[in-house]
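The structure under discussion appears below in the form of structure tokens.
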Amino acid sequence: MRQKKQLFEITKIIQTCAYPNSRPTLRIYYGMKKIITVLILALITLIPLGGCKKKINYADYISEKRTNIYVYEDDTRSVKIHCSQREQPYAADGIKGAMNGICEIFVTLDKNPQELYAEINGHRGDMGYKAVDGCYYLSFTAEDFKSDSVQITLSADGKAETFTALSVLYDGVLTCDEALDCVIEHDKALFDGLTQNNAFSGEIYVRLLSDDGCYYYVGVCGRDGAISAFLVDGEHGKVIATKKLNSPA
């Protein structure tokens, strides 16, 4: 009984010190209300601070993105069409530039003509011969055709023929951004090392490849021009090869 009385007296003293001009019941009520208000304000203050740090989107630093390849082949010719987004001017300097759509056409013939023109989706041009690669080449500004096939007309020394080139993409193939995510998961330390103050000090190349299936080349280029290259299985999302390069890929 004495302990209860002492506890009551202690509680009364605390209440009186905190709120000397209030009645006991109101003192407790306003005291709890004040504590709850302070806690709520503290939480409100902390929430924005935690939300200010955004997760960096490394796809924003892609300076080349090859999204589709169309192919046609028969006994006398081979045609490949690459659809990409690429920075202009194109430079492996670790800094992403403004992106433009580009279409590239590669043609290999069993007999090389004097003149070869290519026409596709309203674009027509004279194809130049690349001796190093042993093929004819033409490029022009254009967006991805976003179709399963595309018609291309080749005019060799005045004789025109039209062919249907088919996309190499099929259900289950990763996108460029998904291929990049696989590389980030594979080598997080590389990206962490190039990231400071919520910014990435580099640029990234993601190129669709086709060779009995779809693959992706992913190149991570730092400001020093050094490139960390990765080959990604385009269907299963696994990194199957890596290589360090000291010059542009």
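Scanning the stretch 112-124 for residues that are touching a residue at least 24 places away in the same chain (Cβ under 8 Å) and charged (D, E, K, R) yields Glu115, Glu119.
Consider the stretch 150-186. How many of its residues are open to solvent by 40 Å² or more (accessible area, probe 1.4 Å) and outside any strand (DSSP E or B)? Summing the residues that are open to solvent by 40 Å² or more (accessible area, probe 1.4 Å) and outside any strand (DSSP E or B) in the stretch 150-186 gives 12.
Counting only residues that are over 23 Å from Val71 (Cα atoms), in contact with a Phe, Trp or Tyr (Cβ under 9 Å, 6 or more places away or on another chain) and of a type in the set (Lys, Arg), the stretch 191-243 holds 1 of them.
Select, from Ser139, Ser147, the only residue that is of a type in the set (S, T, N, Q) and either buried (at least 18 other Cβ atoms within 10 Å of the Cβ) or part of a loop (DSSP other than H, G, I, E, B) (or both). Give the derivation first.
Values: Ser139 fails: either buried (at least 18 other Cβ atoms within 10 Å of the Cβ) or part of a loop (DSSP other than H, G, I, E, B) (or both).
Ser147 is the lone residue from the list that is of a type in the set (S, T, N, Q) and either buried (at least 18 other Cβ atoms within 10 Å of the Cβ) or part of a loop (DSSP other than H, G, I, E, B) (or both).
Which members of the stretch 111-169 meet the condition of being touching a Ser or Thr at 6+ places or on another chain (Cβ under 9 Å), basic (Lys, Arg) and modelled with pLDDT of 95 or more? The one that is touching a Ser or Thr at 6+ places or on another chain (Cβ under 9 Å), basic (Lys, Arg) and modelled with pLDDT of 95 or more: Arg124.
Scan the stretch 51-66 for residues that are open to solvent by 40 Å² or more (accessible area, probe 1.4 Å) and outside any helix (DSSP H, G or I) and jot them down. Steps first, answer last, please.
Step one: of the stretch 51-66, the residues open to solvent by 40 Å² or more (accessible area, probe 1.4 Å) are 51-55, 57, 60-61, 65.
Cys52, Lys53, Lys54, Lys55, Asn57, Lys65 - these are the residues of the stretch 51-66 that are open to solvent by 40 Å² or more (accessible area, probe 1.4 Å) and outside any helix (DSSP H, G or I).
Under the condition of being touching a Gly at 6+ places or on another chain (Cβ under 9 Å) and closer than 11 Å to Asp187 by Cβ, the residues counted in the stretch 218-228 number 2. For the stretch 69-120, filtering for residues that are within 17 Å of Gly134 (Cβ to Cβ), open to solvent by less than 20 Å² (accessible area, probe 1.4 Å) and among the β-branched types (Val, Ile, Thr) leaves 3.
Being open to solvent by 70 Å² or more (accessible area, probe 1.4 Å) and either touching a residue at least 60 places away in the same chain (Cβ under 8 Å) or basic (Lys, Arg) (or both) is the filter here, so list the residues in the stretch 209-249 that pass it. Before you say what the answer is, go through the steps one by one.
The initial filter retains those residues of the stretch 209-249 that are open to solvent by 70 Å² or more (accessible area, probe 1.4 Å), namely 211-212, 223-224, 235-236, 238, 240, 242-244, 246, 248.
Correct list: Arg223, Asp224, Glu235, Lys238, Lys243, Lys244, Pro248.
The values are calculated or read from the model by the stated rules, or taken from the named source; none is laboratory data. Treat the numbers as computed from the prediction; the structure is a model and nothing was measured. FYI the Cβ positions are ideal-geometry reconstructions off the backbone, even for glycines, and counts take in every protein chain you see. Just so you know, the surface numbers come from the protein's heavy atoms only, side chains and all, with ligands and any DNA or RNA stripped out. Shrake-Rupley method; radii C 1.70, N 1.55, O 1.52, S 1.80 Å.
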